[in-house]
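The values are calculated or read from the model by the stated rules, or taken from the named source; none is laboratory data. All of these numbers come straight from a predicted model, not from anything done at the bench. Counting neighbours? That spans all protein chains shown, and the Cβs are built from the backbone with ideal geometry, glycine included.
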Amino acid sequence: SEISPVAEKLFKVIVVGDPTVGKTSFVQRYVQNSYKKDYKGTVGVDFALKVVKWSETQTVKLQLWDVAGQERFTWMTRVYYKDSRGCVIMFDLTNRNSFVNTVKWKRDVDSKCRLPDGSPIPCLLLANKCDLRQRQVDQLEIEEFYKEFNFIGWTETSAKEGLMVNDAMK
Ligand code: GDP
Ligand code: MG
């Protein structure tokens, strides 16, 4: 009997946002279902691979680019954004400034990278640390914001508690 080959697609997905919003914690939660209190900020880029069984015949591999440390110094270079097919822009619900800065991240992504057909790459807005109570951004504001700046969607997440991590990435 013949075994049908499983089609595999590889997509590069970049994760950006201000320092300490939880990018590394989110990626580690998504890829390894683990959470550590401290991920030492290595300088450079960490890669993580997530294999998603999309259907009986289709497997999707997401290569997640987790910017590590570099975000403190400057906006990302074109090399970092090159060939990415999706983007997560993250802020920390308890840090208003990180929310304000998502505009800059979105503009940076839009100005430096496009899909092969020339359209902007899909960006998901994630409001992390929803397990904490001292919020500085309210939901109505995020709802208006994500529409105005053409994100494909937004949701609250908690990398710590593992809330909405898989659902968001789906
Ligand atoms: P990055 O700089 O954006 O990669 O952020 P990290 O993943 O290193 O996280 C920065 C700090 O926030 C660490 O102390 C994490 O433990 C903490 N953190 C990350 N995600 C969450 C979360 O969902 N909830 C809470 N309470 N803390 C979080
Ligand atoms: Mg990090």
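The table below lists the values:
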| read-out | value |
| --- | --- |
| Wholly enclosed helices (runs of 4 or more DSSP H) of the range 73-170 bearing at least 1 residues hydroxyl-bearing (S, T, Y) and farther than 16 Å from V13 by Cβ | 96-100, 102-112, 139-148 |
| Single match in D92, D131, D108 (criterion: modelled with pLDDT under 95 and either away from ligand 2 (no atom under 16 Å from the Cβ) or within 13 Å of the chain's Cα centre (by Cα) (or both)) | D108 |
| Matching residues, the range 155-169, being away from ligand 2 (no atom under 16 Å from the Cβ) and under 12 Å from the mean Cα position of the chain (by Cα) | T155, N166, A168, M169 |
